[in-house]
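A short worksheet on the structure shown next.
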Amino acid sequence: AASNPESWEPWAGLAYLALNSGQREEAGIHFAKAEQLGSQDPRLYLDWGTYAPPLEDLRERGRIFRKAVELRPGDPDTVYRAGIALYQARDCKAALEHLRRLRSVSPAQAPEYLRAVAMCSYDLGEEEEAKKAADQLLTLARTDDDRRFAQNLVAVVSRPRWQPVPIPRDPAPARGAVTEAVDNDVEAPPPPPSRVPELPEHKAMEGLLV
């Protein structure tokens, strides 16, 4: 970076080195510097928002993912990754904005897509859409654990929002009703990649979207 201070690539390299060393905050600083110097690589923004996000600032995290989508608007995997990451960050409104742009998802993406749509729709008061997605998730269940989760999700989103929700595992007020009752995801970012992740090949699954 010192030998070529006007280029964003060395700063991106430093960001990934910091990630691989577990230094997320430092990685975020380097990613921000790469953006400042004009990076137009959508993967950089996806990895920044996923692995080294500003945890206390959902608005900034949403901006990072939106930039990734702006740089590659026609790529469904970019839109999907942004939507799922925003769902994991509990930014349901932004997550649905991205996920609803998709016309199809791959079989591997379908369960997480439907789970995110169901939870976020319910948290935003869209009970019919939540129930539709949860019902589809149940039809895709292949294991006993998947089936139990989907059945529990269907039961929760079928309740009017004014009714009591089943005993939540985590009473944290920042989480929505469905997330509390059905899921116990950790809000920390996923572990950093050992190398720059490649976006998977997109295989369409027509007719799946809710």
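Assorted remarks:
- Of all residues in the stretch 145-160, none that is in a helix (DSSP H, G or I) has its Cβ atom under 7 Å from the Cβ atom of a residue that is of a type in the set (Gly, Ala, Ser) and open to solvent by 80 Å² or more (accessible area, probe 1.4 Å), 6 or more apart or on another chain.
- Subset of the stretch 80-123 (residues that are surrounded by fewer than 21 Cβ atoms within 10 Å (Cβ to Cβ) and of a type in the set (S, T, N, Q)): 88, 104, 106
- Residue pairs meeting the criteria (Cβ under 6 Å; at least 6 apart or on separate chains; first charged (D, E, K, R), in the stretch 14-34; second outside any helix (DSSP H, G or I)): 24/52
- Residue list for the stretch 50-79, restricted to those being surrounded by fewer than 18 Cβ atoms within 10 Å (Cβ to Cβ), in contact (Cβ under 8 Å) with a residue 12 or more places away in the chain and either assigned to a loop (DSSP other than H, G, I, E, B) or of a type in the set (Phe, Trp, Tyr) (or both): 54, 55, 75
- Considered as a group, the residues in the stretch 14-41 that are in a helix (DSSP H, G or I) and open to solvent by less than 10 Å² (accessible area, probe 1.4 Å) include one that is nearest to residue 98 (Cα to Cα), and that residue is 31.
Residues checked against (1) more than 10 Å from the chain's Cα centre (by Cα); (2) modelled with pLDDT of 85 or more:
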| site | (1), (2) |
| --- | --- |
| 56 | yes, no |
| 65 | no, yes |
| 71 | yes, yes |
| 76 | yes, yes |
| 79 | no, yes |
| 84 | no, yes |
| 92 | no, yes |
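- Hey, residue 105 outside any helix (DSSP H, G or I) and of a type outside the set (Phe, Trp, Tyr) or not: yes
- Only a single criterion out of (1) in contact with a His (Cβ under 6 Å, 6 or more places away or on another chain); (2) farther than 19 Å from residue 64 by Cβ is not satisfied by residue 150, namely (1).
The values are calculated or read from the model by the stated rules, or taken from the named source; none is laboratory data. All values derive from a computational prediction rather than experimental measurement. Here Cβ is always computed from backbone atoms with ideal geometry, including for glycine, and neighbour counts include all displayed protein chains. In case anyone asks, the SASA skips ligands and DNA or RNA and just uses the protein heavy atoms, side chains included. Shrake-Rupley method; radii C 1.70, N 1.55, O 1.52, S 1.80 Å.
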